[in-house]
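Notes for the one structure printed next.
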């Protein structure tokens, strides 16, 4: 058995556990070898096996049960997101945040609490802000949806709100920022000259656990001068 | 990624008749409008109805109309933002406009409906977390034990369950003596606010008289209190999102400097909006002032039976009643 001495700070220790001795095995091939598993490969494996399992479940289910009631919603919907109409298959119990992030790849919209208590998932639907985590996608089939990806100009120029947030160093960890941007844009679309109190009320549905509320508020007021 | 919601069938009927047909065909149907309360139930997997009926696309349930008697009809799926921003509501029933503004957060008000706000389930954390309490069909109350966290619970009308009404607009609507229009199988009923909200002594499993198959079509506010002196105040731990620790809504008409008629309702102290009838009979015919305030303070919370952690609600309620009366001076 190897023995370990006390920790010596001058020695470069190899990270990770010491190699396991190959007990009771006399063959030439070791019983185990390192997988050189990287996080990426691991995730790939998980995704692939998931696809295989999911796919075979689909193949082997003799008949997919038909919708019991034909009046129920269709799964295929057309969503208008950031000015583009996109066809997407949506489950009845799917929220808009999931559809945006995992079917349309618009991962700017964040899921924070997933129960309408933080505002990270805020998007604009027909001019008003909503929590996309607490909205069934089927509900906004006919709405014009704007996410944080659709806020900047076509050529990549930042929206005045985004520029002002950068200048005011509003984001700290940045997780709430997409929601804050979207809420501020919706406010300025409706009311280009808000008072501080109006801005504070409009932004009150977005939590910032870093506590940078005043920075965001200053950003909104700064952006209001520019739009 | 999952929404953690169970699978359900979703219906989005375009007419009230279609909605009723679907409700008639499916025993286990849940009506959803804004979904701000419903989706939480599903995500927590406490309630798992197999069929959802989204009534938001039904035009008959939406909008604000003037009534002949000077009152208003408000469709059940009218959002709280629409109620708050409506000029008719603001000019005639400012207490309701204020109440709608104090609900939750802007995004929730943009989507949450007034019908959903009045008929949402209680916020008792034990019940919400899926404890098998009386309200959930069990045989114990987890909020009324020596160690239970019950600072948000009831002072009055306890019958096994100590949950309180979470709604802000329900308080204002009860003070304005609104009637709730309920449809079932093509039959329309108008239910007074006093009968619409029910306590645990009547049915411990629901907060309103709505039963499976009932659709709340709209709310009719009579012209009686239109343009009267009104007051609404909500006290909560946080200004946004939070539910009331106590709230008060008042409507009063004046004759000179004296109060000729008054309706005052306190919320979050009982399972139903609590009409402060003692305060009303005291105040009628009196002039608001220090003398009346002293008397109001004495009777406002009379009969309260606080639990372990909600004694603070007694002075809170008294002071809210005094502040409402003071606003008339």
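Each reported figure results from applying straightforward, stated rules to the coordinates on display, with no laboratory input. Keep in mind that what you see is a predicted model, and the values were worked out from it rather than measured. As a convention, Cβ positions derive from the backbone with ideal geometry for all residues, glycine included, and neighbour counts pool all protein chains shown.
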Inset, instruction - Using a Förster distance of 56 angstrom, determine the FRET efficiency expected from the C-beta separation of residue B:298 and residue A:126, and round it to 0.05. - result: 0.65
Inset, instruction - Could you give the C-alpha radius of gyration of chain B expressed as a fraction of 2.2 N^0.38 Å, taking N as the number of residues it contains? - result: 0.99
Inset, instruction - Take chain B, connect every pair of alpha-carbon atoms lying under 10 Å apart with a spring to form a Gaussian network, then pick out the residue of B:132, B:146, B:288 with the largest mean-square fluctuation. - result: B:146
Legend entry - Spin-label pair residue A:198/residue A:46, simplified geometry with 7 Å Cα→Cβ offset, distance in nm: 4.7
Inset, instruction - Within a 10 angstrom radius of each residue's Cβ in B:40-52, how many Cβ atoms of other chains show up on average? Whole number is fine. - result: 2
Legend entry - Nearest 10 degrees, 0 to 90: helix B:290-300 Cα axis against chain B principal axis: 40
Legend entry - Peptide B:106-116, shielding by other chains (average Cβ, 10 Å cutoff): 6
Inset, instruction - Rounded to the nearest 10 degrees, what's the angle between the helix B:313-326 long axis and the longest principal axis of chain B, both from Cα atoms, 0 to 90? - result: 60
Inset, instruction - Measure out, as a whole number of angstrom, how far apart the alpha-carbon centroids of the stretch A:184-227 and the stretch B:236-283 sit. - result: 33
Legend entry - C-alpha long axis of helix B:16-25 to longest principal axis of chain B, angle in °: 60
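In nm, what is the difference between 0.36 nm times the number of residues separating residue A:141 and residue A:71 and their Cα-Cα distance? Please report the intermediate quantities before stating the final value.
Details: separation 70, 0.36 × 70 = 25.20 nm, distance 1.64 nm.
So the extension gain works out to 23.6 nm.
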Legend entry - Exercise: per-residue mean of other protein chain Cβ atoms within 10 Å, A:129-137: 6
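Fewest Cβ neighbours within 10 Å first, please rank A:195, A:128 accordingly.
On the way: A:195 11, A:128 18.
With the fewest neighbours first, A:195, A:128 line up as A:195, A:128.
Order B:67-79, A:176-188 from most to least packed using the mean count of other Cβ atoms within 10 Å. Intermediate values should be presented prior to the final figure.
On the way: B:67-79: 20.3, A:176-188: 26.3.
Packing proxy ranking, top to bottom: A:176-188, B:67-79.
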Inset, instruction - Determine the distance separating the Cα centre of the stretch B:197-232 from the Cα centre of the stretch B:50-111; give it in Å without decimals. - result: 14
Legend entry - Cα-projected label distance for residue A:115 with residue B:202, points at 7 Å along beta-carbon direction, nm: 2.9
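Relative contact order for the stretch B:152-311: what percent, with Cα pairs under 8 Å and sequence separation of 6 or more? Provide the component values of the computation, followed by the final result.
Details: 318 pairs, mean separation 44.8, N = 160.
About 28 percent, as a whole number.
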Inset, instruction - Give me the distance in nm between label points sitting 7 Å out from Cα along the Cα-to-Cβ direction at residue B:277 and residue B:305, one decimal. - result: 1.8
Inset, instruction - State the extension gain, in nm to one decimal, for the chain segment bounded by residue B:284 and residue B:184, taking 0.36 nm per residue of separation less the distance between their alpha-carbons. - result: 32.1 nm
Legend entry - Order of A:101, B:184, A:71 - criterion: other Cβ atoms within 10 Å of each residue's Cβ, fewest first: A:71, B:184, A:101
Inset, instruction - May I ask you to sort B:290, B:152 by Cβ crowding, counting other Cβ atoms within 10 Å and putting the fewest first? - result: B:290, B:152
